[in-house]
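One structure is given here, and the rest of the page talks about it.
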Amino acid sequence: MKPARWPRTLASRLSLIFLVSLVIAHGLSFGLQFYERYQSAKTLMLGNLEQDLSTTVAVLERLPAEERKAWLPRFVHPNYRYQLDEGLPGTPLDMAAPPEFVRSMEATLGREYSLHYTQLADLRPHYQAHFRLHDGSPLTIDVRPSISPLSPWLPLVLVGQLLLLLGCTWLAVRTAIRPLTHLSRAVDTLDPNGGGTRLDESGPVEVAYAAVAFNTLQARIAAHVKERMQLLAAISHDLQTPITRMKLRAELMEDSLEKDKLWNDLSEMQHLVQEGVAYARSMDSATEVSRRIDVQAFLQSLVFDYLDTGKPVRLEMAGDAVLETRPHALRRLLVNLVDNALKYAEDVEIAVFRPSRGQLAIHVLDRGPGIPDDLLAEVLKPFYRLESSRNRDTGGTGLGLAISQQLALSLQGALVLHNREGGGLCAQLTLPAPVTEPVGN
Ligand code: ATP
Ligand code: MG
């Protein structure tokens, strides 16, 4: 048999602990109360029985034999009654362990009369005590001991209590789990550039403390990243002027192989520096305002720009879509992806579709060599290139994909790379697209 598995979510574990312990505690206290009630009811009943037996038998003794029958209805009780006959035949009662009423009867009538007890076959326990009055006439006491029945409303109250327990457990678990869910969601969407969701700092002390700690952490990370980026931007920016100066000087040099080499090196440096500035800028999302764009027209113009320079880029898009986005950032992002694809493949395809409501996916597909699966995440990091083992002509700084990813994040989207079946790379950009009606109205 497989051992029972501990549920995986914290909510179900807490619910289980609360519910099981509360139900057990409740069941125990109900059981105790019920037992106590049963015991006191029994004691009371036996006490009454003893008193009643001696009076009733004394009254019957004093009544003339013909009048006794008329009096009998007055002596009827819920659990026992008197009969003026021999009673029903039954099996003699085992006197080694007699029911409780036998002791009461023996205590009250035993000294004066000789009683014998029988047990009758019945659904519920059913006994009879037989003896003879002083005038020789038979008397039978018919006993059907029964536990005091439960009040009809008691099960309803129990069900009510159980529902209350369920409700309270749910409330308690929710109160305990909700801040945790919020926290994990916030950690998930933590934006190192700032602008991530701030947690609500109100609520119970522990929760507020965690929220404050998280918000501070987020702010600190953002400040740290910003500082680094400013450093990168400043260095890159300040390098541009001396490089331009050096290029000017190189241009004044006499034509030679050395001059060409120097010129190439300087151009490479300039490219690197420009990319550095661009990367630093891509982290700063506040500069461009959002606009609604017609996705098809936007991508078509991008594709035309490539076709104009003789680069084979195709657009696959069924239907229209409208996007609320920052067009320059999106264009720069896509240009990076398409440029990469063009470096490694003959032709490139841009495919657009809606993976789900409220989302738009733009895929840049090529049939080039792809990227080894274990490096798919690495290449998104700044300055990471695979070129050392590849064609030197495809030189670059290794910032293109890092910039693209930053831009995707700043557009509230996500950039994922994966290798295609049959070879080639697919760069998937997913953007939030809540607007559905066409532009221009
Ligand atoms: P640049 O900063 O000029 O864009 P880069 O293109 O080398 O330089 P990234 O765009 O960041 O830098 O790309 C990182 C690496 O990922 C590239 O060096 C290349 O090895 C690999 N890569 C990117 N796109 C593709 C692709 N479509 N097919 C195969 N490899 C790719
Ligand atoms: Mg690139």
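The values are calculated or read from the model by the stated rules, or taken from the named source; none is laboratory data. All values derive from a computational prediction rather than experimental measurement. When we count neighbours, we look across all protein chains shown, and the Cβ atoms used for this are built from the backbone with ideal geometry, even at glycine. Please note that ligands, DNA and RNA were not included when accessible areas were found on the heavy atoms of the full protein model with its side chains. Shrake-Rupley method; radii C 1.70, N 1.55, O 1.52, S 1.80 Å.
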Flag for Leu232 being open to solvent by less than 70 Å² (accessible area, probe 1.4 Å), of a type outside the set (Asp, Glu) and outside any helix (DSSP H, G or I) = no
Consider only pairs whose beta carbons are under 9 Å apart and that are at least six residues apart or on different chains; among these, list those whose first residue lies in the stretch 89-101 and is touching a residue at least 24 places away in the same chain (Cβ under 8 Å) and whose second residue is of a type outside the set (Lys, Arg) and open to solvent by 80 Å² or more (accessible area, probe 1.4 Å).
-> Gly90/Ala121; Thr91/Ala121; Pro92/His116; Leu93/His116
Residue pairs meeting the criteria (Cβ under 8 Å; at least 6 apart or on separate chains; first under 18 Å from Arg81 (Cα atoms) and open to solvent by less than 40 Å² (accessible area, probe 1.4 Å), in the stretch 35-58; second assigned to a helix (DSSP H, G or I) and charged (D, E, K, R)) | Leu46/Glu100
Among the residues of the stretch 59-94, write down those that are assigned to a loop (DSSP other than H, G, I, E, B) and open to solvent by 30 Å² or more (accessible area, probe 1.4 Å).
-> Pro64, Val76, His77, Pro78, Leu84, Asp85, Glu86, Leu88, Pro89, Gly90, Asp94
Near pairs, Cβ below 8 angstrom, 6+ apart or cross-chain, from the stretch 361-375 (within 29 Å of Pro434 (Cα to Cα)) to any residue that is basic (Lys, Arg) and away from ligand 2 (no atom under 15 Å from the Cβ) | Ala361/Arg354; Leu365/Arg420
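Is it the case that some residue within the stretch 337-348 is in a strand (DSSP E or B) and over 36 Å from the mean Cα position of the chain (by Cα)?
Start the filter on the stretch 337-348 by keeping residues that are in a strand (DSSP E or B), which leaves 348.
Of the ones still in play, those that are also over 36 Å from the mean Cα position of the chain (by Cα) are 348.
Looking for residues that are in a strand (DSSP E or B) and over 36 Å from the mean Cα position of the chain (by Cα), one finds at least one in the stretch 337-348, hence yes.
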Look through Leu133, Leu171, Leu139 and report the one residue that is of a type outside the set (Asp, Glu) and open to solvent by 30 Å² or more (accessible area, probe 1.4 Å).
-> Leu171
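Here is a yes/no grid of residues against (1) farther than 29 Å from Lys226 by Cβ; (2) touching a Lys or Arg at 6+ places or on another chain (Cβ under 9 Å); (3) modelled with pLDDT of 90 or more:
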| site | (1), (2), (3) |
| --- | --- |
| Pro152 | yes, no, no |
| Leu171 | yes, no, yes |
| Ala176 | yes, no, no |
| Pro179 | no, no, no |
| Ala186 | no, yes, no |
| Thr189 | no, no, no |
| Gly194 | no, yes, no |
Failed condition for Leu330, given (1) free of Cβ contacts under 8 Å to residues at least 60 places away in the same chain; (2) more than 7 Å from ligand 1 (Cβ to nearest atom); (3) outside any strand (DSSP E or B), with all others met?
-> (1)
